[in-house]
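Written out below as structure tokens is the structure these notes cover.
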Amino acid sequence: MEQKKMTAAEAAKQLRRPTGEDGVKMGVQMSKANRLIYEMTLDFLQLKAGDHVLELGLGNGHFIPALLEKENNIQYTGLDLSDVMVQEAIASNQDAIRTGRVQILEGTADRLPFAEEVFTKVFAVNVLYFWQPPAVTLQEIYRVLQPGAELVLAFRTKRTMEQLPFVDHGFTLYDTETVQEMLQNIGYSVSEILTTVEPPKPAADGSMLVQLENVCMRGVKKFK
């Protein structure tokens, strides 16, 4: 029997918080669709030995091995809203978890379960659209960053995301200038912005070919 195709609204719901078997499949599809923006982000992070890294919205944890290849001597924590994605990420990163380099938790970005000034780097790839309101999450990230530490936000621009049918269902889209202003309003100093355009490829829900503009933005927590 042919599998019923998701509607745009169903795809948007799964992209925000994957659930069930459809969520597992969407996690795999997201890993494929996000490969280039993740590779861009991992380079942009400029990891160094001793970093304490927090990723918000890690999905199924597919890119954790690539991150550890960049710098093995770090502590990585991944936090995701979806229990299905957390289970998938734990299952596929057992060795790194056993060695103590990686921990994976279920939770929400607007109420981070961490003490103040714990992390040297926080990053999030393609999840900014779901933070409502974004200022609350950005303030929480600011709280858990050490002074002089960095937030790296990776997102796709409003102009190119508007091609996708599912973004009409619960996505808030941003241009680069708006994101920069949001960070500065919280107290971050925006030190670097990198923009690239991907070759045409299938959208995350497989519905169409798209050409997306990726942005990585570095916000630095100021010293007191």
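The values are calculated or read from the model by the stated rules, or taken from the named source; none is laboratory data. Note that the coordinates shown come from a computational prediction; the quantities given were computed from them, not determined experimentally. Because the Cβ atoms are built from the backbone with ideal geometry, glycine has one as well, and the counts that use them run over all protein chains shown. Protein only, heavy atoms only, side chains kept; ligands, DNA and RNA dropped before computing areas. Shrake-Rupley method; radii C 1.70, N 1.55, O 1.52, S 1.80 Å.
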(message) So, residue 150, is that one charged (D, E, K, R) and loosely packed, with under 15 Cβ neighbours inside 10 Å or not?
(response) no
(message) Considering only segment 179-187, I want to know if a residue exists there that is without any contact (Cβ under 8 Å) to a residue 40 or more places away in the chain, closer than 18 Å to residue 121 by Cα and not acidic (Asp, Glu).
(response) yes
(request) Confirm whether residue 21 is closer than 18 Å to residue 217 by Cβ, open to solvent by 60 Å² or more (accessible area, probe 1.4 Å) and not aliphatic (A, V, I, L, M). (result) no
(message) I'd like to check something: does segment 168-187 contain any residue that is modelled with pLDDT under 95 and in a helix (DSSP H, G or I)?
(response) yes
(request) Within segment 163-205, count every residue that is surrounded by fewer than 15 Cβ atoms within 10 Å (Cβ to Cβ), under 19 Å from residue 147 (Cα atoms) and aliphatic (A, V, I, L, M). (result) 0
(message) If I ask for residues that are in contact with a Cys (Cβ under 7 Å, 6 or more places away or on another chain) and either over 20 Å from residue 52 (Cα atoms) or of a type in the set (Gly, Ala, Ser) (or both), which ones from segment 139-190 would you list?
(response) 154
(message) Within segment 119-137, take every residue that is polar (S, T, N, Q) and part of a loop (DSSP other than H, G, I, E, B) and give me the one that is modelled with the highest pLDDT.
(response) 126
(request) Could you please give the count of residues in segment 34-62 that are part of a loop (DSSP other than H, G, I, E, B) and closer than 22 Å to residue 149 by Cα? (result) 8
(request) Select from segment 206-218 the residues that are surrounded by 13 or more Cβ atoms within 10 Å (Cβ to Cβ), assigned to a strand (DSSP E or B) and among the hydrophobic types (A, V, I, L, M, F, W, C) and list them in ascending order. (result) 210, 215, 216, 217
(request) Scan segment 153-162 residue by residue and report those that are open to solvent by 10 Å² or more (accessible area, probe 1.4 Å) and farther than 21 Å from residue 206 by Cα. (result) none
